[in-house]
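Let me begin by presenting the structure, written as structure tokens, before commenting on it.
The values are calculated or read from the model by the stated rules, or taken from the named source; none is laboratory data. All figures in this text were calculated on a predicted structure; none of them were measured in a lab. Note that we place each Cβ from the backbone using ideal geometry, even for glycine, and neighbour counts take in every protein chain shown. With ligands, DNA and RNA removed, areas are computed over all heavy atoms of the protein, side chains included. Shrake-Rupley method; radii C 1.70, N 1.55, O 1.52, S 1.80 Å.
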Amino acid sequence: MEKQLGQHTIKEIFEQGEAFRGVVETLDTITATIKKAFCEVNPDEVIFTGCGTSLYLAQTSATIFSKYNDITAKAVPCSELYLTPELYVKGKRSLVIPITRRSDTTEVKMAINKVRLLDNVKTLAVTCDENSKEYNDYYILSPKAKEKSIVMTKSFTSMVFMNQILALTVAGKEELVNKLVSMPENCSKVMDNINDICKQIIEENKDINLYITLGQGSLYGIANESMNKIKEMAISNSEAYYSLEYRHGPMALVDDKTLITQYITEECEELEAALMEEMKEYGGRIFIIGDKLTNKTKKCADYYIELDCGYNADLITPLVAISGQLLGYYCAISKGLDLDSPRNLSQAIILK
């Protein structure tokens, strides 16, 4: 039997519900660790950090944390934290949160080992690898998200999920944490539809040569990650922006070979729909995804997904991210690329 291209990758994309379930099954341990870390450190600021995909995860996580808490939060690349920690940790009680699926990524270890030498800095790892505890003060684990694939899929979304829980636990939003317990079931409910639409988009638009992803707030990090998935999975041109920044120059590239994916935020839907109407006039093909969409929004889309999970934009981020993974997957398959051996990539960057 002929080997399916990217068979490990597509299998792990469809295992995301189980990865969410693993987090739910260990929720008491995760929330207890979060409470312990924040109680003992009592931070003035929280710094989410990562490399590549994990940096985009940090962007989403910092935005969600800031929305629900009064503690300052920001996302910083591990390289910046290692090279110039004084720019980010200035005499404050800081809790640094490294996000990593593996414990041996060199730049993560370098950054964390350096900042832990500073006064008033502690670290809380969000990880899929229990060995991260060896160089962090605290850690929370996604127990069913280890991957054979080089490209991050279920590890990404499960760590987004844990950082949602982290933000809401610190904020004392138990009712929202309890709402997130339905994430595995909601993932199962929407997965086939997301898969079918993404597969259809690629099959019907074989001439696309530019992929754009747009999102505001916590969805901006997801837009960046979806952009990254098109690059690393499909070796195709892709860009990501805050939705309403797209008019300010980048839209000059839009033509009939451009696919624009718009992640909808409730607060910004009217403005984002108007933006998509304009991009459609320039020839762009429009894919819109959100939890609930107005009829006006649906009308300006060539393709849309309404997830209908009862989540706001902050809570829906792990599910929305799956669309970027599946677009990348089907685009890669259409080009005959094997995602289990992507070009120039490895699971972790180990520097000699």
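Could you give the length gained by full extension between ASP196 and LYS335, i.e. 0.36 nm per residue of separation minus their alpha carbon distance, to one decimal place? Write down the numbers at each step before the final one.
On the way: separation 139, 0.36 × 139 = 50.04 nm, distance 1.83 nm.
Gain on extension, ASP196 to LYS335, equals 48.2 nm.
Each of CYS51, THR72, GLN7 was placed along the dipole of the chain (beta-carbon charges, centred on the mean Cα), and the one lying farthest toward the positive end is CYS51. Straight-line cross-link reach from LYS67 at under 13 Å between alpha-carbon atoms covers these aspartates and glutamates, not counting any fewer than eight positions away in the same chain: ASP314. Shape analysis of segment 72-139 places it in the prolate category; the axes a ≥ b ≥ c from the Cα gyration tensor give an a/c of at least 1.5, with a/b above b/c.
Considering only protein heavy atoms, what per residue accessible area in square angstrom results for the chain with a 1.4 angstrom probe? Kindly include the intermediate steps, with their values, before the conclusion.
Values: 14490 Å² over 352 residues.
Accessible area per residue: 41 Å².
Ranked by the mean number of other Cβ atoms within 10 Å per residue, highest first, peptides 228-236, 158-166 order as 158-166, 228-236.
Note on GLU306 and THR106: their simple-model spin labels are 5.1 nm apart, each label 7 Å out from Cα toward Cβ. Can you classify the chain as rounded, prolate or oblate using the Cα gyration tensor, where a ≥ b ≥ c are the square roots of its eigenvalues, rounded means a/c under 1.5, and otherwise it's prolate if a/b beats b/c and oblate if not? Prolate is the answer for the chain, as a/c is 1.5 or above and a/b outweighs b/c.
Taking a straight line from the alpha carbon of LYS114, these aspartates and glutamates sit under 16 Å away, with near neighbours fewer than eight places off in the same chain left out: GLU80, GLU86, ASP104, GLU134, ASP137. Using only side-chain charges placed at the Cβ, +1 for Lys and Arg and -1 for Asp and Glu, the dipole size of the chain relative to its Cα centre rounds to 860 debye. Using heavy atoms of the protein chains and a probe of 1.4 Å, the accessible area assigned to TYR139 is about 60 Å².
Here the extension length gained between GLU130 and GLU25 equals 36.2 nm, from 0.36 nm per residue of separation less the Cα-Cα distance.
Between GLU278 and ASP119, what FRET efficiency follows from the Cβ-Cβ distance if R0 is 41 Å, with the result rounded to 0.05? My answer for the efficiency is 0.20.
A simple spin-label model places the labels of ASN209 and GLU174 5.8 nm from each other, with each point 7 Å out along Cα-to-Cβ. Among the listed pairs LYS109/LYS148; LYS35/LYS92; LYS144/LYS299; LYS92/LYS179; LYS292/LYS335; LYS35/LYS154, which have their C-alpha atoms separated by more than 31 angstrom in this model? From the list (LYS109/LYS148; LYS35/LYS92; LYS144/LYS299; LYS92/LYS179; LYS292/LYS335; LYS35/LYS154), the Cα-Cα distance tops 31 Å for LYS144/LYS299; LYS92/LYS179; LYS292/LYS335.
Only the Cβ atoms of Lys and Arg (+1) and of Asp and Glu (-1) were treated as charged; on that basis the dipole of segment 7-144 about its Cα centre amounts to roughly 160 debye.
For the chain, what does the relative contact order come out to in percent, with C-alpha contacts under 8 Å and a separation of six or more? Provide the component values of the computation, followed by the final result.
Working: 690 pairs, mean separation 72.6, N = 352.
Value for the chain: 21 percent.
At a 1.4 Å probe radius, which order do THR72, THR157 fall into by accessible area, largest first? Before the final figure, lay out the partial values.
Details: THR72 70, THR157 0 Å².
Largest accessible area first, the list is THR72, THR157.
When only the Cβ of Lys, Arg, Asp and Glu is charged (+1, +1, -1, -1), the dipole of segment 90-151 relative to its Cα centre reaches about 180 debye. FRET efficiency for the LEU244 to LYS296 pair, using the beta carbon distance and R₀ = 22 Å, is estimated at 0.80. In this label model, GLU80 and ALA252 are separated by 2.6 nm, measuring between points 7 Å along each Cα→Cβ vector.
Among TYR282, TYR211, THR26, whose Cα projects farthest towards the positive end of the dipole of the chain, with charges put on the beta-carbon of Lys, Arg (+1) and Asp, Glu (-1)? Value: THR26.
According to the square roots a ≥ b ≥ c of the eigenvalues of the Cα gyration tensor, what is the shape class of segment 195-292, taking rounded for a/c under 1.5, prolate for a/b larger than b/c otherwise, and oblate for the remainder? Judged from the Cα gyration tensor, segment 195-292 comes out rounded (a/c under 1.5). Taking the 1.4 Å solvent-accessible surface of the chain as the whole, the part contributed by carbon and sulfur is 49%. With a cut-off of 10 Å between beta carbons, the residues surrounding VAL151 carry a summed charge of -3, where Lys and Arg count +1 and Asp and Glu -1.
Taking Cα atoms only, the orientation of helix 183-204 departs from the longest principal axis of the chain by about 40 degrees.
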